[in-house]
Amino acid sequence: MLKILKYSFYDLMRSRWSYVYFFFYLLLGVVLLFLNNNLSKAVITLMNVIITLVPLIGTIFGVMYYYNSKEFTELLLAQPIKRSSIFIGQYLGVALSLSMSLILGLGLPFVFYGIFKSNAIWDFTLLLVTGTFLTLIFTALAFNIALSNENKIKGFGYAILLWLFLAVIYDGIFLMSLVFFEDYPLDKFSLIGSMFNPIDLSRILILLKLDISALLGYTGAVFKKFFGTNFGFIVSSVVLTLWVIIPTYFIKRKAGRKDF
Amino acid sequence: MIEIKELHKRFGKNEVLKGLDLTINEGGIFAVLGPNGSGKTTLIKSILGMVIPQSGTINLNGKTIKKDWAYRKGIDYLPQIANFPNNLSVKELIKMIKDLRANNTNKDEELIKLFKLDEFLNKKLGNLSGGTKQKVNLVLTFMFDSPLVILDEPTTGLDPISLIRLKDLINKEKAKGKTILITSHIMSFVEEVADEIVFLLEGVIYFKGTIPELKTKTEQPDFEHAIASILTDSYA
């Protein structure tokens with residue numbers, strides 16, 4: 001598996017898109033720091049960008065890489081290599097190279113700005129960790145979609161829909177149902193609702209850490225009330241980890257049963 | 001030795017293999033023939049574990065291949081369509097496959113000379129012509145010296161000289177005692193190299209035997225017509 005991971009990783013490191021992605025974050029980091037001149041504010045703005053953009057890039061890249069490397073995959077399948085190693089290796093190759101672009105692209109400007117001397121270092125680290133989680137989650141979901149759809153256009157369509165649903169529509173439905181059922185106690189419902197959306201969960205995780213109650217929103221407030229800051233932090237981290245493990249398991253399962 | 005029993009494979013509603021039984025003994029060249037869509041590639045891919053059959057067993061040297069992957073160390077496979085990662089060079093690809101198989105063969109140099117691929121070594125695979133890609137494909141297949149060689153349409157895109165070299169190469173490999181499975185639609189090529197014919201029709205083995213046996217069975221004087229007569233009979 002490590003060999004496959006290595007080759008997928010190198011393959012992507014040589015591709016133009018990794019650099020585009022890297023430079024985008026570099027630019028974003030530099031611009032935010034110079035415009036805001038305030039690390040904490042920059043971290044909050046970054047959170048808003050990361051939480052929608054990272055899932056989108058993870059989904060698109062995941063689907064694109066799977067379809068583009070189909071030939072390579074077929075070549076590998078005839079070699080004495082375990083099937084699950086091939087797909088998990090490729091998945092990790094994509095997810096790790098994307099995470100690296102994110103961490104380096106955002107990390108470098110912040111390091112030069114002097115993050116190590118600032119109190120915001122933990123907030124910033126958490127932001128990067130959450131970004132990495134989101135990359136792992138959405139790349140895994142994308143691989144699942146691509147494995148289930150032979151048709152590229154369909155695969156891309158479903159992937160975009162998934163992102164749109166979790167990043168935008170889910171919140172809308174959630175909010176509407178909260179308004180609609182406002183006469184009922186909704187604490188548990190909203191708590192569970194946010195667990196089923198990794199984007200919501202990441203937002204809560206970061207906001208809990210930043211401790212900005214005004215920005216927490218309804219679910220965040222419920223979360224905080226219910227779990228308290230520390231326990232809420234642990235619960236959301238565990239659920240995020242589950243969000244990585246479960247789709248990865250499905251990649252393995254789907255790949256094992258598929259015909260090539 | 002390959003032993004296949006009651007192999008069934010269905011893609012959606014399309015039943016490709018319908019209880020296929022086949023035994024292939026060690027050593028010699030076996031041609032798997034059949035009309036388009038008769039299940040040749042599906043059969044080959046089932047042996048390789050790329051296609052997972054609904055039911056039936058495949059044993060390789062007495063051991064089932066189900067849920068195993070290490071057995072592929074003993075197989076060299078030439079895929080039908082030579083599609084490679086486009087941004088790699090020929091040299092990098094060869095190196096990578098060697099690394100993945102953890103096999104430090106240097107037979108590739110000999111094969112590169114045989115197919116005159118020296119000048120293409122540093123070129124990207126995406127820029128190669130179909131025939132050149134097929135030659136790279138052949139190098140990748142033959143460089144490991146495995147006891148079982150599976151060639152799916154090996155002649156595609158090859159020029160006449162390369163075709164002659166390929167025939168020599170196949171015969172040389174056979175002399176080493178290897179088992180070679182070939183699918184091809186070029187009947188003259190099959191007639192020249194194959195020891196035995198396996199004819200697939202509608203998902204089962206319609207005929208298995210030598211070319212003279214086939215000629216007697218179909219009462220046709222030459223091989224091409226013998227094959228054609230099976231097809232016309234079955235489609236009549």
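The values are calculated or read from the model by the stated rules, or taken from the named source; none is laboratory data. Source: prediction; values computed, not measured. With ideal geometry, Cβ positions are generated from the backbone for all residues, glycine too; neighbour counts draw on all protein chains shown.
Summary of computed values
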| item | result |
| --- | --- |
| Per-region count, the range A:66-75, residues surrounded by 22 or more Cβ atoms within 10 Å (Cβ to Cβ) and not hydroxyl-bearing (Ser, Thr, Tyr) | 2 |
| Residue within the range B:101-117 that is closer than 22 Å to A:LEU77 by Cα, within 10 Å of chain A (Cβ to nearest Cβ) and in contact with a Leu (Cβ under 9 Å, 6 or more places away or on another chain) present | no |
| Matching entry among A:LEU240, A:LEU216, A:LEU178, A:LEU207 (being surrounded by 16 or more Cβ atoms within 10 Å (Cβ to Cβ), away from every other protein chain (no Cβ under 14 Å), more than 19 Å from A:ILE145 (Cα to Cα) and at pLDDT 85 or above) | A:LEU240 |
| Matching residues, the range B:76-100, being within 7 Å of another protein chain (Cβ to nearest Cβ), in contact with a strand residue (DSSP E or B) (Cβ under 7 Å, 6 or more places away or on another chain) and over 25 Å from B:LEU43 (Cβ atoms) | B:ASN87 |
| Filtered residue count, the range B:22-42, keeping only those that are assigned to a helix (DSSP H, G or I), touching a residue at least 40 places away in the same chain (Cβ under 8 Å) and within 14 Å of another protein chain (Cβ to nearest Cβ) | 1 |
| Residue check, B:PHE11 touching a Ser or Thr at 6+ places or on another chain (Cβ under 9 Å), exposed (fewer than 13 other Cβ atoms within 10 Å of the Cβ) and of a type in the set (Phe, Trp, Tyr) | yes |
| Scan of the range B:175-185 for residues that are out of contact with any helix residue (DSSP H, G or I) (no Cβ under 8 Å at 6 or more places or on another chain) and either part of a loop (DSSP other than H, G, I, E, B) or modelled with pLDDT under 90 (or both), ordered by number | B:LYS176, B:GLY177, B:LYS178, B:HIS185 |
| Residues of the range B:54-75 satisfying the condition of being touching a residue at least 24 places away in the same chain (Cβ under 8 Å) and more than 9 Å from chain A (Cβ to nearest Cβ) | B:GLN54, B:SER55, B:GLY56, B:THR57, B:ILE58, B:ASN59, B:LEU60, B:ASN61, B:GLY62 |
| Restricting the range A:16-44 to residues that are surrounded by fewer than 16 Cβ atoms within 10 Å (Cβ to Cβ) and modelled with pLDDT under 85, the residue that is nearest to the other protein chains (Cβ to nearest Cβ) | A:ARG16 |
| Which listed residue, of A:ILE81, A:ILE4, A:ILE50, is assigned to a loop (DSSP other than H, G, I, E, B), touching a residue at least 24 places away in the same chain (Cβ under 8 Å) and in contact with a helix residue (DSSP H, G or I) (Cβ under 8 Å, 6 or more places away or on another chain) | A:ILE81 |
| Test: B:ASN122 is more than 13 Å from chain A (Cβ to nearest Cβ), free of Cβ contacts under 8 Å to residues at least 40 places away in the same chain, touching a strand residue (DSSP E or B) at 6+ places or on another chain (Cβ under 8 Å) and part of a loop (DSSP other than H, G, I, E, B) | yes |
| Flag for B:LYS45 being within 13 Å of chain A (Cβ to nearest Cβ), without any contact (Cβ under 8 Å) to a residue 40 or more places away in the chain, assigned to a loop (DSSP other than H, G, I, E, B) and not small (Gly, Ala, Ser) | no |
| Hey, B:ASN86 over 27 Å from B:GLU191 (Cα atoms), modelled with pLDDT under 85 and either under 17 Å from the mean Cα position of the chain (by Cα) or loosely packed, with under 14 Cβ neighbours inside 10 Å (or both) or not | yes |
| Count of the range A:118-139 residues which are part of a helix (DSSP H, G or I) and more than 17 Å from A:GLY29 (Cα to Cα) | 7 |
